[in-house]
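Rule-based calculations on the coordinates, nothing more; no lab input. Just so you know, these numbers come straight off a predicted model, no measurement behind them. Glycine also receives a Cβ, built like all others from the backbone with ideal geometry; neighbour counts cover every protein chain displayed.
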Amino acid sequence: AQSVTQLDSQVPVFEEAPVELRCNYSSSVSVYLFWYVQYPNQGLQLLLKYLSGSTLVKGINGFEAEFNKSQTSFHLRKPSVHISDTAEYFCAVSAKNTGNQFYFGTGTSLTVIP
Amino acid sequence: DAGVIQSPRHEVTEMGQEVTLRCKPISGHNSLFWYRQTMMRGLELLIYFNNNVPIDDSGMPEDRFSAKMPNASFSTLKIQPSEPRDSAVYFCASRHPGRTDTQYFGPGTRLTVL
C-alpha cells in the first residue's frame, strides 16, 4: 500500500512571498503523484500531477512541484502567492499498476496574509 | 462540459434516519469513487466502481453503509441508520477510461447527523 505525509498542517505566508508545501510518500511500487486544491465549500480541483518524465511539473495558477525519487518527496511551490491562493492543499499518490486507490495526505491549510 | 454532480449539497438529519447521497459522474467516465472527508481522518476512499460494478468496498465503514451504481450515469451512497459519527463531507469522483491517472471530484455533500 501507499501512504502520504504532509508535514505542515497550516502554513501562513504573506502576499507575494514564496511558499513551499511539503509532501512525502511511501510506496513499494512506482507511483503517480498529485496535488489537489480545495477552496472553501468546494470539491477538490487538480493542480498538477506527475506521471513520468521530467521531475519538475508545472500546474495551474503558477504552481509547480518537483518529484524527488531518492527522497520520496513531491513538494509544491509557488514563487509569489496571492490572496486567492488561500485554500486547503492535498497531496495524493496512486500506484502505477492499478491507479485505482488514491491515498491522500491530511492536507495543508495555506493562508495568505495581506 | 458539466463536472461531477452531487446532490444534495447539504443534508441535516436526525440520528436513526436513512440518508441517500447521489452522484452523477462526468459523461463518458467509467469509474466512480466515493470518498469521505473528516477532520480526524482526512479523505478516505469508501468504495469504487468500474463499469457500474463495485470493485473494492473495503473502505466502507460498516454494514450501515451501502452504495449502488444502477447505470453509468448515476450512483447512490446510502446510510441506514445514520449516526452522529457519520457527519462528514462525502465526495464523489469519476475517471475516464483512457486516463487512469486522474480523478475528477464533485463539490461534495456536507452531511450533519444530529
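Scanning the stretch B:69-97 for residues that are within 12 Å of chain A (Cβ to nearest Cβ) and not hydroxyl-bearing (Ser, Thr, Tyr) returns B:89, B:91, B:92, B:93, B:95, B:96, B:97. Looking only at the stretch A:1-35, which residues are in contact (Cβ under 8 Å) with a residue 60 or more places away in the chain, surrounded by 13 or more Cβ atoms within 10 Å (Cβ to Cβ) and aromatic (Phe, Trp, Tyr)? Once the filter is applied, which keeps residues that are in contact (Cβ under 8 Å) with a residue 60 or more places away in the chain, surrounded by 13 or more Cβ atoms within 10 Å (Cβ to Cβ) and aromatic (Phe, Trp, Tyr), the stretch A:1-35 yields A:25, A:32, A:34. Pairs linking a residue in the stretch A:43-59 that is surrounded by fewer than 16 Cβ atoms within 10 Å (Cβ to Cβ) to a residue that is among the polar types (S, T, N, Q) and in a loop (DSSP other than H, G, I, E, B), with Cβ atoms under 9 Å and 6 or more positions apart or on different chains, are A:52/A:30.
Considered as a group, the residues in the stretch A:14-46 that are part of a loop (DSSP other than H, G, I, E, B), hydrophobic (A, V, I, L, M, F, W, C) and more than 14 Å from chain B (Cβ to nearest Cβ) include one that is nearest to residue A:103 (Cα to Cα), and that residue is A:29.
Note on the stretch B:27-45: residues that are surrounded by fewer than 20 Cβ atoms within 10 Å (Cβ to Cβ), within 21 Å of residue A:104 (Cα to Cα) and more than 10 Å from chain A (Cβ to nearest Cβ) amount to 1.
The one condition from (1) more than 14 Å from every other protein chain (Cβ to nearest Cβ); (2) under 13 Å from the mean Cα position of the chain (by Cα); (3) β-branched (Val, Ile, Thr) that residue A:86 does not meet is (2). Residues in the stretch B:8-26 that are more than 13 Å from chain A (Cβ to nearest Cβ) and in a strand (DSSP E or B): B:11, B:12, B:13, B:19, B:20, B:21, B:22, B:24.
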